[in-house]
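Reading through the structure tokens given below for one structure.
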Amino acid sequence: MLKKSSLVLWGAALFIAWNGLLLLFLWSRPPSPASSGEGDRLTAEVIRLAQDAETELERQKDLLRQIHRYSRLGTGPTGLRITPIPPPPPSPPPPRPTDPAGAVLPVLVMACDRSTVRRCLDKLLRYRPSAQRFPVIVSQDCGHAETARVIASYGDAVAHIRQPDLSDIPVPAEHRKFQGYYKIARHYRWALGQVFRTFRYRAAIVVEDDLEVAPDFFEYFQAAFPLLLADRSLWCVSAWNDNGKEQMVDVGQAELLYRTDFFPGLGWLLLAELWDELEPKWPRAFWDDWMRQPEQRRDRSCVRPEVSRTMTFGRKGVSHGQFFDQYLKFIKLNDRFVPFTQLDLSYLKKEEYERSFLPKVYAAPEVRVEELQGNRRRELGAVRLQYSGRDSFKAFAKALGLMDDLKSGVPRAGYRGIVSFVYRGRRVYLAPPSDWTGYDPSWS
């Protein structure tokens, strides 16, 4: 109706303008004796037509005023309610892609002063199936010239970004020797901010410059990405098994994956939504242990493999080789490609996992640590070793070669307190009692 009224209004205006010009033309003509009567009649006719047009214009204006008044009241002149047609909504921004078949998962390499970053980058570039779907971004801290030259030698195969603030960080006097940990936390915050805020990626795989990756590294993360999207009780996917020494894993089951309550790091996938949550409270130092606190974990778990998809070759670092000689250098790197994207990983969803994994653990016959060490009762197959507290857990872990440290009460690679590993060729579950009620942060 409004459109029709507008057309009438414009038509009337054009009509008046045209006839006004015609009238002006006729008035300006000098009258001739022979035709003065005829001219007077023509002028009178033009004036009449102009008056008629002005009357029609006033009628249309009155009609428009009525429409405007009734639309504000919500009713028409007959009392019927008028439902105004709303303007079309603005187009929403294009959604971030969640289709795992087309998702872009950048690999963020955290670098500093190790020129051996070449070993990390060589394997990443050798094994990645697509440069478009797995762009490699190297974020360098420290300003180390030789490392920068190594990264630059890869040309367009990698993106090289540099953390701009290389200044020392004011730290408490008792933390003076931990300055490096403060700089690492600052670098992580800046680099993850670049990936999620500047480049606006949906997710990212984070590795450090002293990690070597397995042939199915990308296949693993590609397959686990939709699981991370679907199950909000998960907050990361890690390529690392803290107890992944060769004699403690079943290399024949390289496709086997677990849930773990312990944040493993060392090659891990996170979503942009998690960074939205963590960035405002990101710590000044010791970011990985901070991630393991209950306030950050919030009862969420990560996915981790039976056989690690990363291994570390970097003994040198701010930790001065802590754990490296005893554990880390013995981690088994998977060497068999597993087509994870063709496997059904739904068993890792929380409800289904607890429906299958927990009964399997507590159905396993219980044995004593001496029986394990003596390689007795082999006929039992998978067995369970039960601990009752912090001290018994640490004693059993040391006796069997597991990492025995706890973070906020959570054992490395543990799920609901259960650590699954291989000892002398058979599956062992180091587990709390079946009526377990939760982690005790005082166990740290």
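The values are calculated or read from the model by the stated rules, or taken from the named source; none is laboratory data. Computed from a prediction, not measured in an experiment: that's the story for all the values here. FYI the Cβ positions are ideal-geometry reconstructions off the backbone, even for glycines, and counts take in every protein chain you see. Each accessible area value is taken on the protein alone, full model and side chains, heavy atoms only, with ligands, DNA and RNA left out. Shrake-Rupley method; radii C 1.70, N 1.55, O 1.52, S 1.80 Å.
Identify the residue in the range 428-444 that is open to solvent by 10 Å² or more (accessible area, probe 1.4 Å) and among the small types (G, A, S) and, among all such residues, is farthest from E379 (Cα to Cα). Can you show your working first?
First pass over the range 428-444, keeping only residues open to solvent by 10 Å² or more (accessible area, probe 1.4 Å): 429, 433-444.
Retained after the next criterion (residues that are among the small types (G, A, S)): 434, 438, 442, 444.
On the way: S434: 23, G438: 32, S442: 38, S444: 36 Å.
If we take residues in the range 428-444 being open to solvent by 10 Å² or more (accessible area, probe 1.4 Å) and among the small types (G, A, S), then S442 is farthest from E379 (Cα to Cα).
Looking at (1) open to solvent by less than 60 Å² (accessible area, probe 1.4 Å); (2) farther than 20 Å from T437 by Cβ, which is the only condition A363 fails?
The number of the failed condition is (1).
Which pairs turn up if I take residues in the range 160-176 that are within 9 Å of C142 (Cα to Cα) and look for partners that are open to solvent by less than 70 Å² (accessible area, probe 1.4 Å) and assigned to a loop (DSSP other than H, G, I, E, B) with beta carbon separation below 6 Å, at least 6 apart in sequence or on another chain?
Sorted first by the residue in the range 160-176, then by its partner, the pairs are Q163/D141; L166/G143.
Taking the range 260-304 only, how many residues are open to solvent by less than 30 Å² (accessible area, probe 1.4 Å), more than 17 Å from G409 (Cβ to Cβ) and touching a residue at least 60 places away in the same chain (Cβ under 8 Å)?
Residues in the range 260-304 being open to solvent by less than 30 Å² (accessible area, probe 1.4 Å), more than 17 Å from G409 (Cβ to Cβ) and touching a residue at least 60 places away in the same chain (Cβ under 8 Å): 13 in total.
Quick check on this structure: which one of G425, G381 is small (G, A, S), closer than 20 Å to Q253 by Cα, touching a Pro at 6+ places or on another chain (Cβ under 9 Å) and loosely packed, with under 13 Cβ neighbours inside 10 Å?
Numbers: G425 fails: touching a Pro at 6+ places or on another chain (Cβ under 9 Å).
Exactly one of G425, G381 is small (G, A, S), closer than 20 Å to Q253 by Cα, touching a Pro at 6+ places or on another chain (Cβ under 9 Å) and loosely packed, with under 13 Cβ neighbours inside 10 Å, namely G381.
Select from the range 419-444 the residues that are outside any strand (DSSP E or B) and either touching a residue at least 12 places away in the same chain (Cβ under 8 Å) or of a type in the set (D, E, K, R) (or both) and list them in ascending order. Let's see the steps before the verdict.
At the first step, the residues of the range 419-444 found to be outside any strand (DSSP E or B) are 424-425, 432-444.
Matches in the range 419-444: R424, P432, P433, S434, D435, W436, Y439, D440, P441, S442, W443, S444.
Can you confirm whether the range 162-177 contains a residue that is in contact with a Leu (Cβ under 8 Å, 6 or more places away or on another chain), assigned to a loop (DSSP other than H, G, I, E, B) and among the hydroxyl-bearing types (S, T, Y)? Write out each step before concluding.
Within the range 162-177, the first condition is being in contact with a Leu (Cβ under 8 Å, 6 or more places away or on another chain), and the residues that meet it are none.
No, there is no match, as no residue in the range 162-177 is in contact with a Leu (Cβ under 8 Å, 6 or more places away or on another chain), assigned to a loop (DSSP other than H, G, I, E, B) and among the hydroxyl-bearing types (S, T, Y).
What are the residue pairs meeting all of these: first residue in the range 123-147, first residue assigned to a helix (DSSP H, G or I) and crowded, with 18+ Cβ neighbours inside 10 Å, second residue modelled with pLDDT of 95 or more and among the small types (G, A, S), Cβ atoms under 8 Å, and 6 or more apart or on different chains?
T147/A111; T147/S115
Among the candidates R232, R197, single out the residue that is surrounded by fewer than 20 Cβ atoms within 10 Å (Cβ to Cβ) and not in a helix (DSSP H, G or I).
Checking each option against the conditions leaves just R232.
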